[in-house]
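Structure record follows, encoded as structure tokens.
The values are calculated or read from the model by the stated rules, or taken from the named source; none is laboratory data. Not measured: the values here are computed from a predicted model. Note that each Cβ is placed from the backbone with ideal geometry, even for glycine, and that neighbours are counted across all protein chains shown. To get the accessible areas, we keep the full protein, side chains included, count just its heavy atoms, and leave off ligands, DNA and RNA. Shrake-Rupley method; radii C 1.70, N 1.55, O 1.52, S 1.80 Å.
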Amino acid sequence: MSLAIVKYQDKYEQVWDKFVLGSSVNGTFLQTRNFLNYHPEGRFKDASVLVMQGSNIVAVIPACDTEDEGRRCFFSHKGSTFGGIIIDRSKYDIVTMEELVPLLDEYIRGEGYERALLKCTSALFSKKPTDLLDYYLYKNGYDQFDELSFYVDLERAPDDLLSILNGSRRRDYRNALKNNLVFRRLETDEEIRRFHEVLALNLKKFGAVPVHSIDELLEFRHNRLPEETDFYGVFFNDILVAGTMLFYFGKSVLHTQYLAQDPEYSNLFLMNYLDYQLLEQAKERGFNKFSFGISTEERGKVLNKGLALFKEGFGCDFCVNRSYFKNYRY
């Protein structure tokens with residue numbers, strides 16, 4: 001078949017993004033240069049590559065050159081939820097994969113990396129299953145770890161969404177309705193700034209800080225991802241007390257990138273109210289799936305059981321975010 005690996009250069013930006021969004025089996029906006037390039041220069045050392053057949057793109061692999069578990073690592077990609085091998089729909093077959101995965105291995109080894117880590121697109125966000133890719137990574141000596149993710153299948157959900165909630169979630173939602181809460185889209189930069197403050201307060205109790213700065217959130221909203229990013233909040237006495245940042249994956253999946261409440265108002269059952277309102281909106285707007293994201297830590301080894309049980313109470317199904325890794329010896 002004669003495939004070749006080419007290092008990414010800025011001149012490929014537009015064709016890369018067109019390929020990821022238009023031609024690939026498993027690409028999302030999270031693997032576009034438009035998304036990856038929001039990171040400030042110097043945060044990551046880019047190591048992305050394209051797999052070419054003549055002048056045609058067969059696959060792209062967003063990646064950075066970093067360290068992982070004490071080894072120099074070809075990491076795809078540390079700045080995104082999903083990276084991995086993004087493959088052309090028309091070339092997603094045994095002949096292509098038989099050549100592509102060993103070729104990538106040879107390239108990674110030849111560049112002096114001691115480890116590869118590929119964070120693959122979950123089946124929830126892929127246009128079709130990628131089991132063939134999974135098989136060839138396994139066949140070529142990759143190990144894996146899984147993170148447990150939660151979603152609601154809105155295509156199978158009844159019109160009465162409240163009926164899919166378990167008893168605790170329904171009870172707490174009804175208690176929330178007694179508090180005169182208001183759910184609406186955040187329209188202004190100041191409202192989004194307040195949401196970021198709430199997010200920071202929420203994470204502070206866990207000794208963490210938001211991954212994205214307020215300037216990055218506003219950049220997503222206004223310039224980089226205006227069609228894919230949105231913000232909603234819950235108000236109590238005109239004060240924003242809880243909120244979310246949403247990612248839209250076409251009309252297929254609505255994903256809650258961030259969910260947060262002001263701890264001072266946690267007695268108002270805010271998260272039950274916010275999550276149910278989001279579920280209702282997602283169904284009304286015709287999304288197929290509603291994604292709560294993962295509830296695991298330490299690369300899947302630890303389940304945050306309290307959070308997992310809370311999400312499960314909204315009638316969730318389960319899927320995994322799978323990552324593959326391989327160590328190289330010299």
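Taking the solvent-accessible surface of protein heavy atoms with a 1.4 Å probe, what is the per residue accessible area of segment 233-277 in Å²?
Accessible area per residue, segment 233-277: 33 Å².
Ranked from highest to lowest mean number of other Cβ atoms within 10 Å per residue, what is the order of the peptides 77-83, 140-146?
Packing order, densest peptide first, comes out as 77-83, 140-146.
First measure r as the distance between the Cβ atoms of Ser55 and Asp317, then evaluate 1/(1 + (r/R0)^6) with R0 = 41 Å and state the FRET efficiency to the nearest 0.05.
0.45
Could you give the spread of the C-alpha atoms of the chain along their three principal axes, from largest to smallest, in whole angstroms?
65, 39, 35
What GluC sites (Glu not before Pro) does segment 90-133 have in DSSP loop regions with at most 16 other beta carbons within 10 Å?
Glu111
Multiplying the sequence separation of Arg171 and Leu303 by 0.36 nm and subtracting their Cα-Cα distance, what value in nm do you get?
Stretched fully, the Arg171-Leu303 segment lengthens by 45.0 nm.
For a Förster distance of 22 Å, can you work out the FRET efficiency between the beta-carbons of Asp189 and Val211, rounded to the nearest 0.05?
Computed FRET efficiency for Asp189 and Val211 comes out at 0.70.
Just how far, in whole angstrom, is segment 71-105 from segment 247-322 if you go by their alpha carbon centroids?
29
Considering only Cα-Cα distances, which of the following residue pairs are longer than 23 Å: Lys205/Lys289; Lys119/Lys139; Lys45/Lys204?
Exceeds cut-off: Lys205/Lys289; Lys45/Lys204.
For segment 219-284, which whole-number percentage of the solvent-accessible area (1.4 Å probe, protein heavy atoms only) is attributable to carbon and sulfur atoms?
42
By DSSP, what percent of the beta bridges with both residues in segment 30-173 are antiparallel, rounded to the nearest 5?
Close to 75 percent.
Calculated FRET efficiency, Glu219 and Glu67, Cβ-Cβ r, R0 22 Å, to nearest 0.05?
E(calc), rounded to 0.05, equals 0.20.
Would you work out the relative contact order for the chain, in percent, from Cα pairs under 8 angstrom that are 6 or more residues apart?
Relative contact order here is 21 percent.
Hey, if you put +1 on the Cβ of every Lys and Arg and -1 on every Asp and Glu Cβ in the chain, which of Ser295, Thr32, Tyr265 ends up farthest toward the positive end of that dipole?
Value: Ser295.
Can you pull out the trypsin sites (Lys or Arg not before Pro) in segment 143-191 that DSSP calls coil and that have at most 14 other Cβ atoms within 10 Å?
Arg156, Lys178
Ignoring ligands, DNA and RNA, please state the percent of accessible area on segment 1-157 from carbon and sulfur, probe 1.4 Å.
45
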